[in-house]
Amino acid sequence: MKLQNKTAIVTGAGRGIGKAIAKKFLQEGAQVVICDLGETRLHNAAKELSEYGTVHRITVDVTKREQVLELVKFTKTTFGSIDILANNAGIARFEPFLDITDQNWQDTLNVNLTGVFLCSQLVAHEMKQQHAGVIVNMASTNGILGEKGLAHYNATKAGVILLGKSMAIELAPFNIRVNSVCPGFILTELALEGGMSKEEVQNYTSKIPLNRYGKVEDVANAFAFLASEEASFITGTELVVDGGQICQE
């Protein structure tokens, strides 16, 4: 069990990849605090995940510093330490660049990038005191190569990657590792809700050399690896989980 006796926070864990990350962490022996904005979704996720280990839930808006601070205090009070932070919370909205509104731009920036900054900064203060910790950020292959209809999303995920590298440099003296996971196309509720048609979803397979969609478990496994001691000499990098999609023109 790679994460035995570790305490982890997973943001955006009410469903999809976040819930899968929390499940994998629990299966690897961690005790987990999950957070999300949807209270009903969070309640249902905690009930489902409790089958695999010790899990607590707290409703948090990762764009609000005071709420993230409450998350940190809750986790520290409940478990005594914070060993792992999985910054998973994010949103995606498919729309042409020329049609992006100020509100949609700002919302995407706030959740996908500012949320990572706030959670990481406040948790890293605790990890610094422990002289140990791991932060794994949810980036995307869209942060490496552009994709039409997602300019705001692409920009935030590129920001997450470079933010992670910068954090890795500055936090290394405190024995805190920081890495990013870059999924390709993973079939989730968020992908469907973002505006892709069923036909577009089906056609996407042709772009993937392994000829299948990514599963949430594929991403969760990458998070668990980077959070574990098996990755103890890995920091400041990004792990691509995309079935080979971006290795070809």
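The values are calculated or read from the model by the stated rules, or taken from the named source; none is laboratory data. Being a predicted model, the structure only gives us computed values, none of them experimental. Reconstructed Cβ throughout: ideal geometry from the backbone, glycine too, with neighbour counts over all protein chains shown. Heavy atoms of the whole protein, side chains included, go into the accessibility calculation; ligands, DNA and RNA do not. Shrake-Rupley method; radii C 1.70, N 1.55, O 1.52, S 1.80 Å.
Structure notes:
The rows are residues; the columns are (1) over 18 Å from Ile17 (Cα atoms); (2) at pLDDT below 95.
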| site | (1), (2) |
| --- | --- |
| Val55 | no, no |
| Leu71 | yes, no |
| Asp83 | yes, no |
| Asn88 | no, no |
| Ile91 | no, yes |
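- On the stretch given as segment 36-53, residues that are within 20 Å of Leu3 (Cα to Cα) and in contact (Cβ under 8 Å) with a residue 40 or more places away in the chain total 0.
- Matching option when the condition is in contact (Cβ under 8 Å) with a residue 60 or more places away in the chain, of a type in the set (A, V, I, L, M, F, W, C) and over 28 Å from Lys76 (Cβ atoms), among Ala92, Ala168, Ala172, Ala155: Ala92
- Qualifying residue in segment 36-49 (condition: over 27 Å from Ala151 (Cα atoms) and in contact with a helix residue (DSSP H, G or I) (Cβ under 7 Å, 6 or more places away or on another chain)): yes
- Matching residues in segment 84-124 - criterion: being farther than 19 Å from Val60 by Cα and not β-branched (Val, Ile, Thr): Arg93, Phe94, Glu95, Pro96, Phe97, Leu98, Asp99, Asp102, Gln103, Asn104, Trp105
- Filtered residues of segment 159-190 (kept if in contact with a strand residue (DSSP E or B) (Cβ under 9 Å, 6 or more places away or on another chain), under 18 Å from Gly18 (Cβ atoms) and in a helix (DSSP H, G or I)): Val160, Gly164
- In segment 193-207, the residues that are open to solvent by less than 90 Å² (accessible area, probe 1.4 Å), more than 20 Å from Leu113 (Cβ to Cβ) and at pLDDT below 80: Gly195, Met196, Ser197, Val201
- Going through (1) within 23 Å of Gln121 (Cα to Cα); (2) modelled with pLDDT of 95 or more one by one, Lys23 falls short only on (1).
- Of all the criteria given as (1) within 20 Å of Met127 (Cα to Cα); (2) part of a loop (DSSP other than H, G, I, E, B); (3) not aromatic (Phe, Trp, Tyr), the one not satisfied by Leu71 is (2).
- Checklist (1) at pLDDT 95 or above; (2) surrounded by 18 or more Cβ atoms within 10 Å (Cβ to Cβ); (3) in contact with a helix residue (DSSP H, G or I) (Cβ under 7 Å, 6 or more places away or on another chain) applied to Leu145, failing item: (2)
- Each residue in segment 80-123 was checked for being in contact with a Lys or Arg (Cβ under 8 Å, 6 or more places away or on another chain), outside any helix (DSSP H, G or I) and either open to solvent by less than 20 Å² (accessible area, probe 1.4 Å) or of a type in the set (A, V, I, L, M) (or both), and 2 pass.
- Close pairs (6 angstrom Cβ cut-off, 6 or more residues apart or separate chains): within 18 Å of Gly90 (Cβ to Cβ) and open to solvent by less than 70 Å² (accessible area, probe 1.4 Å) in segment 57-79, at pLDDT below 95 and in a helix (DSSP H, G or I) anywhere: Thr59/Glu39
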